[in-house]
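Reading through the structure tokens given below for one structure.
The values are calculated or read from the model by the stated rules, or taken from the named source; none is laboratory data. All values reported here derive from a predicted model rather than from experimental measurement. Ideal geometry is used to build each Cβ from the backbone, glycine not excepted, and the neighbour counts take in all protein chains shown.
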Amino acid sequence: DGGITQSPKYLFRKEGQNVTLSCEQNLNHDAMYWYRQDPGQGLRLIYYSQIVNDFQKGDIAEGYSVSREKKESFPLTVTSAQKNPTAFYLCASSIMENTEAFFGQGTRLTVV
Amino acid sequence: AQSVTQPDIHITVSEGASLELRCNYSYGATPYLFWYVQSPGQGLQLLLKYFSGDTLVQGIKGFEAEFKRSQSSFNLRKPSVHWSDAAEYFCAVGYSSASKIIFGSGTRLSIRP
């Protein structure tokens, strides 16, 4: 089955620790995205990548980092610089930019 | 700046009643328009999309949406809702001049038995 896999589904970390969220897709999509979702605020774009070894900052990139070494993978690192990391994180991919995005099931990160 | 507005934060309708969720976007050439649905704790599922052509588009689960360029709107409709339609609905817009899709803040739909 083709799709997007995010892991883990739930993640707990202590304040001050970096944490990496995994996102893998087997849809052969060029574009991949990371969104953060907070209650009542919809989806906010963190980073996006249109091609391997290239990525751009979204609207709320501070405190996050990404890499795109393989077409299938777009991991997101939440660093200790992110002031309020507790949120629901969604990864998505699309054939090309601006076409419909396909979403993973999300990772709920809780920092204590 | 390009933006998407969903003016209704929360809507409650009775099961079997009709539904219309509103979506307005800021003006932009060649908008690509989407509606997504999200169940609690899950990812987003595409309901329907509009790229060009017929302004009334049909989607999955009995939903449809109409693109009205003059009103910069892309409202989602369903003639008769089911209890399983309770979820959060997001309108999204893509522009050929931008490299990303912009999401609205969402409308939470509750169904009254």
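Before moving on, here are some points about what is shown:
- Of all residues making up region A:54-112, the number that are within 19 Å of A:Pro39 (Cβ to Cβ) and part of a loop (DSSP other than H, G, I, E, B): 10
- Strands (runs of 3 or more DSSP E) lying entirely in region B:28-91 (those with 1 or more residues that are more than 10 Å from chain A (Cβ to nearest Cβ) and farther than 22 Å from A:Glu97 by Cα): B:56-58, B:64-68, B:73-78
- Residue list for region B:62-71, restricted to those being crowded, with 17+ Cβ neighbours inside 10 Å and either modelled with pLDDT under 95 or closer than 25 Å to B:Pro113 by Cβ (or both): B:Phe63, B:Phe67
- The set of residues in region A:40-53 that are in a loop (DSSP other than H, G, I, E, B) and either within 13 Å of the chain's Cα centre (by Cα) or under 26 Å from A:Asn28 (Cα atoms) (or both) comprises A:Val52, A:Asn53.
Residues are listed down the side, and each one gets a yes or a no for (1) more than 14 Å from chain B (Cβ to nearest Cβ); (2) farther than 22 Å from B:Tyr95 by Cα; (3) buried (at least 21 other Cβ atoms within 10 Å of the Cβ):
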{"residue": "A:Cys23", "(1), (2), (3)": "no, yes, yes"}
{"residue": "A:Ala31", "(1), (2), (3)": "no, no, yes"}
{"residue": "A:Asn53", "(1), (2), (3)": "yes, yes, no"}
{"residue": "A:Lys70", "(1), (2), (3)": "yes, yes, no"}
{"residue": "A:Thr77", "(1), (2), (3)": "yes, yes, no"}
{"residue": "A:Ala81", "(1), (2), (3)": "yes, yes, no"}
{"residue": "A:Ile95", "(1), (2), (3)": "no, no, no"}
{"residue": "A:Leu109", "(1), (2), (3)": "no, yes, yes"}
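- Just one of the listed residues (A:Gly40, A:Gly16) is closer than 22 Å to B:Gly94 by Cα and modelled with pLDDT under 95, namely A:Gly40.
- Meets criteria (more than 16 Å from the chain's Cα centre (by Cα), at pLDDT 95 or above and either closer than 28 Å to A:Asp38 by Cβ or not small (Gly, Ala, Ser) (or both)) for B:Val57: no
For every residue, the table says whether it meets (1) small (Gly, Ala, Ser); (2) in contact with a Phe, Trp or Tyr (Cβ under 9 Å, 6 or more places away or on another chain).
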site: B:Ile9; (1), (2): no, no
site: B:Ala17; (1), (2): yes, no
site: B:Leu33; (1), (2): no, yes
site: B:Lys61; (1), (2): no, no
site: B:Glu64; (1), (2): no, no
site: B:Ser72; (1), (2): yes, yes
